[in-house]
Each structure stands twice: as C-alpha cells, then as structure tokens.
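Peer 1: Have a look at the structure that comes next, please.
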Amino acid sequence: MSIAILGISYHLPERMETNEDLKRENPDWRIDELYAKSGISIRHVAAEDETASDLGYEAARKLLERNCVATDEIDYIIYCTQSPDYYLPSGACILQDRLGLGKHVGAFDFNLGCSGFVYGLQMSKSLIASGEARNVLLITADTYCKVIHPNDRAVRTLFGDGAAATLIGSAEDKGSIDRFVVGTNGAGAENLIVPSGGFRTPRSPETAVEAMDEVGCIRSRDNLFMDGPAIFAFALTTVPRALSALLKKAELALDDVDWYVYHQANKYMLDHLARRSKIPSEKMLIDVDTVGNTVSASIPLAISRAVDAGKIKSGQRLVLVGFGVGYSWGACDIIWD
C-alpha cells in the first residue's frame with residue numbers, strides 16, 4: 001500500500017485578459033517582446049467579488065463529484081493561499097463548511113505561494129503515513145491579480161488567478177508520492193512581496209501613493225513587487241541544486257523521469273532551468289500560454305491539463321519542483337496513476 005495522488009481538479013475564473021487587451025490599455029508596452037519571453041498570451045482574472053477560496057471551492061467541488069473516496073473518509077483540509085479572504089478565521093475552516101465535509105475534519109491554512117503544492121504534498125503524506133488521516137484534501141488557490149497595479153508590466157503580463165484541488169490517500173495500484181527535498185532562504189523575502197497590508201506596515205494613504213520605477217513600472221506599496229532579475233538568479237542557482245539533491249536521494253538518473261513539472265513561472269525561466277539541468281526539452285512540461293503564472297495552483301493545474309491532453313499517462317514518474325516567494329523551494333518525485 002502506497003500514498004499517492006488520487007485525483008486533481010482545477011478551476012479558473014471566467015474573466016480573461018489577452019495580450020491584445022493589455023496593449024489597448026498600455027499602447028507603449030512591447031507586448032510581442034514580452035510574449036516572446038513569458039510565453040503567456042491569456043490570463044484568467046478573478047472578478048471583484050470573487051476570492052481565492054471561491055476558486056478553491058469550485059476546484060474541490062469538481063474533484064469531490066468524482067467520488068474518488070467517500071467524503072466522510074476525508075480527514076483533513078489543507079489550504080495553501082497568499083490571498084486569504086480574512087486575517088481570521090482560517091479559509092480551510094470556511095471551505096470545510098461550504099463543501100459539506102464532516103466536523104471530524106482537521107483544517108488549516110498555510111502561506112507559501114509558488115512552492116506550496118510540494119509542501120502541501122509533504123504534509124499530506126506525513127499525516128497519512130502517521131495514521132492521523134485516511135485522506136487529505138489539498139487546496140491551492142491564489143488571486144495575485146488583486147494586488148497587481150494595472151500599469152506594472154513586470155508582473156501584470158505574468159500572473160493569472162486560479163485554483164486546484166488535490167486528493168491524497170492510500171493507493172493499492174502503482175501510484176505513489178515518494179521522496180522530498182525542501183529549503184528556505186528568507187534573505188530573499190523582499191524580492192517578491194506586497195510591502196503593506198499586514199501588521200508590520202498597515203495600509204494607509206501613504207502606502208497607496210504610486211510611483212514609477214527606473215524601468216517605467218508603476219506601483220504603490222499596496223501592490224505586488226517583484227525584482228525579476230533577483231528571482232531569476234535565485235531560481236537558476238537554487239533549483240538545479242534541489243533537483244540534483246532529489247535525484248540523488250531517490251537514486252534516479254535524469255532519464256528515469258518521464259516528466260518534469262516545475263512551478264509554471266514563465267517560459268523563459270523554464271527553458272533556462274531545463275538547459276541548466278540538462279533536462280530534455282520534450283520532458284519539461286510547460287503550460288502557461290492560456291493561464292499564466294497561477295502561483296500555488298500552477299503545478300497541479302499543469303498536471304491536470306497534461307493528463308486531460310493525454311501527455312501524462314498512468315505509471316509515469318514525475319518530478320515536481322516549486323520555487324519562489326519566500327524564498328522557498330521544494331521538490332518531490334511521484335508515480336502518476
């Protein structure tokens with residue numbers, strides 16, 4: 001008996017923003033050049049009254065309708081988001097009630113962003129392996145678009161909103177969740193951040209003052225800030241090391257892996273990471289064109305869409321790698337069934 005992913009479902013907001021939409025709003029943006037690097041032509045954007053937990057609820061509802069396991073056999077909800085509905089209570093508690101799950105269910109949130117799915121798998125596997133849970137519902141959802149300034153081309157062209165729900169439990173067949181490697185370097189925290197809004201720096205008229213940076217991007221301290229070159233340098237240094245550490249731990253060679261499913265940051269980043277680690281381009285899954293960077297939902301969303309397209313097949317080995325905000329990173333290998 002192994003512990004495996006039993007199912008994944010996802011949900012995207014109805015509203016979409018195309019590159020043509022952005023060009024009409026910002027005629028001076030070089031959209032073709034931005035697309036050549038990002039590989040993103042469309043992103044989904046949550047409505048004003050639509051939250052990350054709404055997206056997560058829809059993704060989970062779709063997954064539960066498949067009846068992978070009886071709902072009364074789900075013992076935990078783990079909810080990863082950096083776009084909470086409230087400071088408190090926990091969004092996982094609200095989702096337990098909305099989904100109609102039993103009151104025996106444990107529920108908690110965690111805030112980790114781009115590496116959150118891998119961390120969530122590790123926590124889910126640990127709960128099941130310890131005997132504390134039979135099945136765990138992992139929900140990953142983010143709505144970064146709500147904190148992006150419309151005139152900040154550094155981030156507006158990259159991020160989209162979305163959610164995924166993943167069911168983890170015991171499997172009698174050939175699926176499994178195997179080894180993990182994780183890491184943290186909080187010294188990079190200020191390179192991907194929303195500076196105001198928490199108790200360290202509450203929002204105020206002063207934090208809402210907009211300014212233009214040296215490359216022409218406009219934002220306030222209430223908006224998402226990303227130092228693109230710093231994030232790129234971090235990823236190019238850290239991610240290949242994490243992959244090497246995982247392959248060594250799992251006693252795998254590069255060729256033993258059928259698919260590499262990295263956090264879907266952008267095509268430029270993924271292409272460089274593949275070359276740095278000598279991953280064959282046909283094994284690096286890239287799925288950003290019509291969804292963008294959906295943060296914590298990007299890995300499960302990419303897996304689900306690749307399964308639907310017939311790319312990922314039962315029995316194949318996948319290496320999953322999340323990296324970004326924090327800085328934090330995590331890698332794991334799984335057998336898909």
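The values are calculated or read from the model by the stated rules, or taken from the named source; none is laboratory data. Keep in mind that what you see is a predicted model, and the values were worked out from it rather than measured. All Cβ positions, glycine included, derive from the backbone under ideal geometry; neighbour counts span all protein chains shown.
Peer 1: Given the criteria touching a helix residue (DSSP H, G or I) at 6+ places or on another chain (Cβ under 9 Å) and either within 23 Å of residue 122 (Cα to Cα) or loosely packed, with under 14 Cβ neighbours inside 10 Å (or both), does residue 182 qualify? Break it down into steps so the answer makes sense when it comes.
Peer 2: Numbers: touching a helix residue (DSSP H, G or I) at 6+ places or on another chain (Cβ under 9 Å): yes; either within 23 Å of residue 122 (Cα to Cα) or loosely packed, with under 14 Cβ neighbours inside 10 Å (or both): yes.
Yes.
Peer 1: Condition test on residue 123, is it surrounded by fewer than 22 Cβ atoms within 10 Å (Cβ to Cβ) and free of Cβ contacts under 8 Å to residues at least 24 places away in the same chain? Walk me through it before giving the result.
Peer 2: On the way: surrounded by fewer than 22 Cβ atoms within 10 Å (Cβ to Cβ): yes; free of Cβ contacts under 8 Å to residues at least 24 places away in the same chain: no.
So residue 123 fails the test.
Listed here are the residues, each with its yes/no results for (1) within 21 Å of the chain's Cα centre (by Cα); (2) over 26 Å from residue 302 (Cα atoms).
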{"position": "105", "(1), (2)": "no, yes"}
{"position": "125", "(1), (2)": "yes, no"}
{"position": "128", "(1), (2)": "no, no"}
{"position": "146", "(1), (2)": "yes, no"}
{"position": "160", "(1), (2)": "yes, no"}
{"position": "172", "(1), (2)": "no, no"}
{"position": "191", "(1), (2)": "yes, no"}
{"position": "198", "(1), (2)": "no, yes"}
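Peer 1: Out of the residues in region 167-201 that are among the small types (Gly, Ala, Ser) and in a helix (DSSP H, G or I), which is farthest from residue 116 (Cα to Cα)? Lay out the reasoning, then the answer.
Peer 2: Keep residues of region 167-201 that are among the small types (Gly, Ala, Ser), which gives 169-171, 175-176, 183, 186-189, 196-198.
Narrowing the set further to residues that are in a helix (DSSP H, G or I) leaves 186-189.
On the way: 186: 15, 187: 18, 188: 17, 189: 15 Å.
Per the criteria, the residue is 187.
Peer 1: Tally the residues that are in contact (Cβ under 8 Å) with a residue 60 or more places away in the chain and either touching a Leu at 6+ places or on another chain (Cβ under 7 Å) or crowded, with 16+ Cβ neighbours inside 10 Å (or both), restricting the search to region 284-295. So that I can check it myself, show each step before the final result.
Peer 2: Restricting attention to region 284-295, the residues satisfying the condition of being in contact (Cβ under 8 Å) with a residue 60 or more places away in the chain are 286, 288-295.
Then keep just the ones that are either touching a Leu at 6+ places or on another chain (Cβ under 7 Å) or crowded, with 16+ Cβ neighbours inside 10 Å (or both); that gives 286, 288, 291-295.
The total comes to 7.
Peer 1: If you check residue 312 against the conditions, is it in contact with a Phe, Trp or Tyr (Cβ under 6 Å, 6 or more places away or on another chain) and of a type outside the set (Lys, Arg)? Outline the logic, then answer.
Peer 2: Numbers: in contact with a Phe, Trp or Tyr (Cβ under 6 Å, 6 or more places away or on another chain): yes; of a type outside the set (Lys, Arg): yes.
So residue 312 passes the test.
Peer 1: Now, a different point. Out of the residues in region 148-166 meeting the condition of being among the small types (Gly, Ala, Ser) and not in a strand (DSSP E or B), tell me which one is modelled with the lowest pLDDT. Steps first, answer last, please.
Peer 2: Applying the first criterion (among the small types (Gly, Ala, Ser)) to region 148-166 yields 154, 160, 162-165.
Those left that are additionally not in a strand (DSSP E or B): 154, 160.
Working: 154: 91, 160: 98.
So the residue we want is 154.
Peer 1: If you don't mind, another one. Could you please let me know if residue 248 is over 22 Å from residue 138 (Cα atoms) and part of a helix (DSSP H, G or I)?
Peer 2: Values: over 22 Å from residue 138 (Cα atoms): yes; part of a helix (DSSP H, G or I): yes.
Yes.
Peer 1: As an exercise: evaluate residue 272 against (1) outside any loop (DSSP other than H, G, I, E, B); (2) more than 22 Å from the chain's Cα centre (by Cα); (3) not small (Gly, Ala, Ser) and give the number of the one condition it does not meet.
Peer 2: (2)
Peer 1: Follow-up. Going residue by residue through region 206-213, is there one that turns out to be within 19 Å of residue 147 (Cβ to Cβ) and of a type in the set (Ser, Thr, Tyr)?
Peer 2: Yes.
Conditions tested, residue by residue: (1) farther than 27 Å from residue 190 by Cα; (2) crowded, with 22+ Cβ neighbours inside 10 Å.
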residue: 297; (1), (2): no, yes
residue: 305; (1), (2): yes, no
residue: 314; (1), (2): yes, no
residue: 319; (1), (2): yes, yes
residue: 327; (1), (2): no, yes
residue: 330; (1), (2): no, yes
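Peer 1: Among the residues of region 97-120, write down those that are under 16 Å from residue 5 (Cα atoms) and out of contact with any Cys (no Cβ under 6 Å at 6 or more places or on another chain). Even if it seems obvious, please write down each step before you answer.
Peer 2: We begin by selecting, within region 97-120, every residue under 16 Å from residue 5 (Cα atoms); these are 116-120.
Passing the criteria: 117, 119.
Peer 1: Out of (1) surrounded by 23 or more Cβ atoms within 10 Å (Cβ to Cβ); (2) of a type in the set (A, V, I, L, M, F, W, C); (3) part of a strand (DSSP E or B), the odd one out for residue 108 is which?
Peer 2: Unmet for residue 108, out of (1) surrounded by 23 or more Cβ atoms within 10 Å (Cβ to Cβ); (2) of a type in the set (A, V, I, L, M, F, W, C); (3) part of a strand (DSSP E or B): (1).
Peer 1: Condition first: closer than 20 Å to residue 312 by Cβ and either exposed (fewer than 14 other Cβ atoms within 10 Å of the Cβ) or touching a Leu at 6+ places or on another chain (Cβ under 6 Å) (or both). Now tell me which residues in region 269-283 satisfy that.
Peer 2: Answer for region 269-283, where residues must be closer than 20 Å to residue 312 by Cβ and either exposed (fewer than 14 other Cβ atoms within 10 Å of the Cβ) or touching a Leu at 6+ places or on another chain (Cβ under 6 Å) (or both): 277, 280, 281, 282.
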